[in-house]
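Taking it in order: structure first as structure tokens, then the write-up.
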Number of protein chains: 2
Amino acid sequence: MDKIPILKMGHFLLVTIQVDMHDRLAMTLQDDLTSRVVKDRAKGVLIDISSLEIVDSFIGRMLANIAAMTRTLGAESVVVGMQPAVAITIVELGMSLHNVRTALNVDKGMALLIAQLNGLAEDDGNEPNPE
Amino acid sequence: MDKIPILKMGHFLLVTIQVDMHDRLAMTLQDDLTSRVVKDRAKGVLIDISSLEIVDSFIGRMLANIAAMTRTLGAESVVVGMQPAVAITIVELGMSLHNVRTALNVDKGMALLIAQLNGLAEDDGNEPNPE
């Protein structure tokens, strides 16, 4: 396992993190994800961490990096499916995830991205439909 | 890693197989998936195997089993993202996947499921979709 698959769903990309992340895998994911955002002209990225029982500072930093990178490319990212224990750890460790949006599950994360796309389109002027 | 996460997306469930399947993991996946189909009243199941470079008879049988089980529960399943090399192996090994629907990617798989749902809803009597 040397690659985490990135699935395209409409305008969005979905990544499910199932395995223990190590340095090289995290770098590969960042590279792949930013390439795919550009290639697929993705408007948003969903990162599912529902199978992670521990999020340490390394994974936290990776999630923050991915959020910053995709945002720089014009795509928002949402971390979905965080387990309650992970949320507790993140707060107790004082990890800074303030730039990372979260949602309860994929459905809600996608709704968040769609709402934001529509919001951005409305604020732009008179364009109700994104694209 | 003793569980493969099952993501709910609207009426459908999505499973991304990233790790090597062994007996117990396959059994857990079958149990979890059938439970979730019932619990979430899912209309379809998408199984992404894009990160699998080898599909042996064990995985083939598991995919066929999952297709049969979910169909019994009233939900169709589609295997998506199969790599070309895997398709070659499946044919060369003479593996029987004739009950398993496939699609190129998640988007197309979801379109297939939606088309089938609409088809079923429109004409319950004469079946326009070949099985």
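The values are calculated or read from the model by the stated rules, or taken from the named source; none is laboratory data. All of these numbers come straight from a predicted model, not from anything done at the bench. All Cβ positions, even for glycine, are placed from backbone atoms using ideal geometry, and neighbour counts span all protein chains on display.
Observations on the structure shown:
- Region B:29-46, residues that are of a type in the set (Val, Ile, Thr) and either over 15 Å from the mean Cα position of the chain (by Cα) or within 9 Å of another protein chain (Cβ to nearest Cβ) (or both): B:VAL38
- Selected residue (criterion: surrounded by the fewest Cβ atoms within 10 Å (Cβ to Cβ)) from residues of region B:47-85 that are within 14 Å of chain A (Cβ to nearest Cβ) and in contact with an Asp or Glu (Cβ under 7 Å, 6 or more places away or on another chain): B:GLN83
- Note on region B:91-131: residues that are modelled with pLDDT of 80 or more and assigned to a helix (DSSP H, G or I) total 16.
- Being of a type outside the set (Asp, Glu) and in contact with a Lys or Arg (Cβ under 6 Å, 6 or more places away or on another chain) holds for only one residue in B:VAL55, B:VAL78, B:VAL86, and it is B:VAL78.
- B:ILE88 meets all of the listed conditions (1) buried (at least 16 other Cβ atoms within 10 Å of the Cβ); (2) without any contact (Cβ under 8 Å) to a residue 12 or more places away in the chain; (3) part of a helix (DSSP H, G or I) but one, namely (1).
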